[in-house]
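Peer 1: For reference, the structure I am asking about is given below.
The values are calculated or read from the model by the stated rules, or taken from the named source; none is laboratory data. Note that this is a predicted model, so its numbers are computed, not measured. So basically every Cβ, Gly included, is an ideal-geometry build from the backbone, and we count neighbours across all protein chains shown. To get the accessible areas, we keep the full protein, side chains included, count just its heavy atoms, and leave off ligands, DNA and RNA. Shrake-Rupley method; radii C 1.70, N 1.55, O 1.52, S 1.80 Å.
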Amino acid sequence: MFPLKDAEMGAFTFFASALPHDVCGSNGLPLTPNSIKILGRFQILKTITHPRLCQYVDISRGKHERLVVVAEHCEQSLEDLLRERKPVRYPSYLAPEVIAQGIFKTSDHVPSEKPLPSGPKADIWSLGIILFELCVGRKLFQSFDISERLKFLLTLDCVDDTLIVLAEEHGCLDIIKELPENVIDLLKKCLTFHPSKRPTPDDLMQDKVFSEVSPLYTPFKQPASLFSSSLRCADLTLPEDISQLCKDINSDYLAERSIEEVYYLWCLAGGDLEKELINKEIIRSKPPICTLPNFLFEDGESFGQGRDRSSLLDDTTVTLSLCQLRNRLKDVGGEAFYPLLEDDQSNLPHSNSNNELSAAATLPLIIRERDTEYQLNRIILFDRLLKAYPYKKNQIWKEARVDIPPLMRGLTWAALLGVEGAIHAKYDAIDKDTPIPTDRQIEVDIPRCHQYDELLSSPEGHAKFRRVLKAWVVSHPDLVYWQGLDSLCAPFLYLNFNNEALAYACMSAFIPKYLYNFFLKDNSHVIQEYLTVFSQMIAFHDPELSNHLNEIGFIPDLYAIPWFLTMFTHVFPLHKIFHLWDTLLLGNSSFPFCIGVAILQQLRDRLLANGFNECILLFSDLPEIDIERCVRESINLFCWTPKSATYRQHAQPPKPASDNSGFKSSTPYFSMECPDILKTDLSRESIPLNDLKSEVSPRISAEDLIDLCELTVTGHFKTPTKKTKSSKPKLLVVDIRNSEDFIRGHISGSINIPFSTAFTAEGELTQSPYTAMLQSFKGKVIVVVGHVAKHTAEFAAHLVKMKYPRICILDGGINKIKPTGLLTVPSPQI
């Protein structure tokens, strides 16, 4: 959108026609209210941008089918240039074919094709009427009432020269005859009665009148979109006199922001559309008792209500005052509108906002999102960063770790997902019209997907859902449509409602990262491995809860499949998904496990207190989840989880570090280094699914163990030494081999508790010199090491049974460490 400049924002209201309450559509569901249909169709108007057109900004739906439209508004109209008179009366400008159509009504239960007489050629007629009025300096049809005016326009079909008849009817033939020949010719072309003979806009632009005028105006070029193959800086030019540019800079910095941003901030600063319209008496209310009918049948049909005059159309536009917003931002300095973007290579989250906003950054997210000054700074910063995408990709990641302003969420998510290239050309090339077998299932699923949202429940929303989903299915022939894909599409479509190509591109980038191979025709092996790893994560972080759920047989297969198949979009409403995914998109493919555990921990007390049947009922209607708490706890769980503990052989293979992007791999949120891991000799090995299911605790790789023990090698197979970056141990290694094997070589800092004598007959730990140390590490990561996989799994399961959290097993056992030369041998006693 263009800057607000000296324009203002205006609002006007109207009512959509109400539908009967007792009629259902062909699908048996209630008819979609006309106001929702209008709301969906209106969205395309927001995409029409041009320096010489007023910009549509927003539409909101109120009670009783009321709609309020917000648009760029200029106080001085074309009519003001003629004379100071009443508002423009639209029927005077309607083309004859539009009038001849009359009022067309349709309903969902009566399928019919709606004629479309309105179009570019109808606009040419309207242009002709406007030019006529400008030339003669008066309004047309002022002496006619509405019906006479419409009848007169329709009788013009019988005349040879529409222009002459109009001029004679209004007593201005002499003025018309004095006009230049080329202007008369232009008016005759525009006022051609039959649309088939009337020129199109392209034809009209070839007229010599326009060819003489057009050089006076700089041709408008639609700027290249953010995600396209075109150069966004191709048409940038600097003025010859830079000093003059500095003088011309407007001190009204808010006016330099886009009208969309200004309206968003106006709402945050307390702007209320309905209140503005009530203050100007555009919306009038009557006492409820005055609206009662005089007569009422048993079936609900009523009679005797007086016509409510407030429901009649009033085309008055109310100017929205920006005084309250400007007063709110009066202390914001000019430098906030032009932040410097310095390429800080630090890995720590930071914000470029000024010191006054640093305190606000620590407030709860819901408060930050409603803070006008804070959002202004964040919107401006993200706007500049996104305009520099992908060059500023790393800084977008860093700022997103602080928070993402809701207004910039759609584009920011696309940047976090690495969307690039000619996405529109790719989307347009996909066949979305040819029928395919999944069409029927898509048609069934869409009317049930987030239909509480007015935008997604509109017919336009359904059509967009259908196209985006079908595009994904057609462009991924190796995958299939599974129920839940519509829910996964919903956040992307909502944020990019007027940009289907971007919604499709985001969805296509999201699924391989977080749901790799989930949509195979036979996805049972992928799902089962995922659920098994999730079960191990529950045992790792909350052994008491894991023990209880396993005892009552309440396994993840019974409740967690919809969670992960839709990445929680089937569980939470959109406003919660936005906050959840703001964080999810900064993590790797393992982060959803932590979200799942965090949800269970919010329900922990109720789960522990109930049996199988009660748990089933609990999850059939999931209680309210505090999403901010869920995000915080998910981050904490992620920080405690070794990277390789969530290894899955069916996960997306990690991309090589030396990719062609030219950027460093963006490290996700929670630790210094946690991207998806490249496979090495010390990485985790794949094991059969049945073996994985038999193990309660997760395995970690030798790589992770070496990193967490902070070991380093000074030479080839030389004595290992400890790194000096940390003073406190992060974990405890428990070696369960017999004492002889332990003495021959063990990991530095590990303790030896032989498996054969570790537990009593009652399942308790046998008292030994190292038992107290093991208990002192309860709550920290404990790695069980041995050379028999069955024994290490059983030892870990015993500890989980004793409610020891964060228990894991070294994948490959001690043999995986031997080739590294990191085993130590105690010095012989003299």
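Peer 1: What's the total number of residues in the range 265-298 that are hydrophobic (A, V, I, L, M, F, W, C), touching a residue at least 12 places away in the same chain (Cβ under 8 Å) and closer than 30 Å to Glu373 by Cβ?
Peer 2: 6
Peer 1: Kindly establish whether Asn498 is within 19 Å of the chain's Cα centre (by Cα), part of a loop (DSSP other than H, G, I, E, B) and surrounded by fewer than 21 Cβ atoms within 10 Å (Cβ to Cβ).
Peer 2: Values: within 19 Å of the chain's Cα centre (by Cα): yes; part of a loop (DSSP other than H, G, I, E, B): yes; surrounded by fewer than 21 Cβ atoms within 10 Å (Cβ to Cβ): yes.
In short, yes.
Peer 1: Quick one: would you say Thr32 is in contact (Cβ under 8 Å) with a residue 24 or more places away in the chain and exposed (fewer than 14 other Cβ atoms within 10 Å of the Cβ)? Before the answer, list the steps.
Peer 2: Details: in contact (Cβ under 8 Å) with a residue 24 or more places away in the chain: yes; exposed (fewer than 14 other Cβ atoms within 10 Å of the Cβ): no.
The answer is no for Thr32.
Peer 1: Let me ask something additional. Return the residue satisfying two criteria in turn: it lies in the range 443-452 and is touching a residue at least 60 places away in the same chain (Cβ under 8 Å) and outside any helix (DSSP H, G or I), and of such residues it is farthest from Asn34 (Cα to Cα).
Peer 2: It comes out as His450.
Peer 1: Look through the range 727-756, keep the residues that are within 18 Å of Asp707 (Cα to Cα) and open to solvent by 50 Å² or more (accessible area, probe 1.4 Å), and return whichever of them is nearest to the chain's Cα centre (by Cα).
Peer 2: Lys730
Residue by residue, here is whether (1) at pLDDT below 95; (2) within 25 Å of the chain's Cα centre (by Cα); (3) part of a helix (DSSP H, G or I); (4) not assigned by the TED database to the domain that holds Ile809 holds:
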position	(1), (2), (3), (4)
Glu624	yes, yes, no, yes
Glu633	no, yes, yes, yes
Gln649	yes, no, no, yes
Ser665	yes, yes, no, yes
Tyr669	yes, yes, no, yes
Glu673	yes, no, no, yes
Asp676	yes, yes, no, yes
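Peer 1: Applying the selection to the range 473-493, what residues are surrounded by fewer than 20 Cβ atoms within 10 Å (Cβ to Cβ), part of a helix (DSSP H, G or I) and out of contact with any Lys or Arg (no Cβ under 8 Å at 6 or more places or on another chain)?
Peer 2: As a first pass, look at the range 473-493 and keep what is surrounded by fewer than 20 Cβ atoms within 10 Å (Cβ to Cβ): 474-480, 482-483.
If we keep only those that are part of a helix (DSSP H, G or I) too, we end up with 474-475.
Answer for the range 473-493, where residues must be surrounded by fewer than 20 Cβ atoms within 10 Å (Cβ to Cβ), part of a helix (DSSP H, G or I) and out of contact with any Lys or Arg (no Cβ under 8 Å at 6 or more places or on another chain): just Ser475.
Peer 1: Which members of the range 187-231 meet the condition of being hydroxyl-bearing (Ser, Thr, Tyr) and either closer than 30 Å to Thr412 by Cα or free of Cβ contacts under 8 Å to residues at least 12 places away in the same chain (or both)?
Peer 2: Within the range 187-231, the subset hydroxyl-bearing (Ser, Thr, Tyr) is 192, 196, 200, 211, 214, 217-218, 225, 228-230.
If the condition is that a residue be hydroxyl-bearing (Ser, Thr, Tyr) and either closer than 30 Å to Thr412 by Cα or free of Cβ contacts under 8 Å to residues at least 12 places away in the same chain (or both), then Ser196, Ser211, Ser214, Tyr217, Thr218, Ser225, Ser228, Ser229, Ser230 are the ones that fit.
Peer 1: Checking the condition touching a Gly at 6+ places or on another chain (Cβ under 6 Å) and surrounded by fewer than 22 Cβ atoms within 10 Å (Cβ to Cβ), which residue from Ile552, Ile527 passes? Break it down into steps so the answer makes sense when it comes.
Peer 2: Numbers: Ile527 fails: touching a Gly at 6+ places or on another chain (Cβ under 6 Å).
Being touching a Gly at 6+ places or on another chain (Cβ under 6 Å) and surrounded by fewer than 22 Cβ atoms within 10 Å (Cβ to Cβ) holds for just one of Ile552, Ile527, which is Ile552.
Peer 1: For the range 408-431, check the following and say yes or no: at least one residue is without any contact (Cβ under 8 Å) to a residue 40 or more places away in the chain, of a type in the set (Asp, Glu) and within 21 Å of Pro477 (Cβ to Cβ). Give the derivation first.
Peer 2: Within the range 408-431, the subset without any contact (Cβ under 8 Å) to a residue 40 or more places away in the chain is 408, 412, 415, 429.
After this cut, where a residue has to be of a type in the set (Asp, Glu) as well, the list is none.
No, the range 408-431 has no match at all.
Peer 1: Among Asp428, Asp478, which is the only one that is farther than 12 Å from Ala501 by Cα and either touching a Cys at 6+ places or on another chain (Cβ under 7 Å) or of a type in the set (Asp, Glu) (or both)? Break it down into steps so the answer makes sense when it comes.
Peer 2: Working: Asp428 fails: farther than 12 Å from Ala501 by Cα.
Criteria check complete, one pass: Asp478.
Peer 1: Could you list, in sequence order, all residues of the range 453-469 that are open to solvent by 30 Å² or more (accessible area, probe 1.4 Å) and in a loop (DSSP other than H, G, I, E, B)?
Peer 2: Filtering the range 453-469 for residues open to solvent by 30 Å² or more (accessible area, probe 1.4 Å) gives 454, 459-460, 462, 466-467.
Result: Glu454, single match.
Peer 1: Within the range 436-452, does at least one residue satisfy the condition of being buried (at least 21 other Cβ atoms within 10 Å of the Cβ), polar (S, T, N, Q) and within 18 Å of the chain's Cα centre (by Cα)?
Peer 2: No, there is no match, as no residue in the range 436-452 is buried (at least 21 other Cβ atoms within 10 Å of the Cβ), polar (S, T, N, Q) and within 18 Å of the chain's Cα centre (by Cα).
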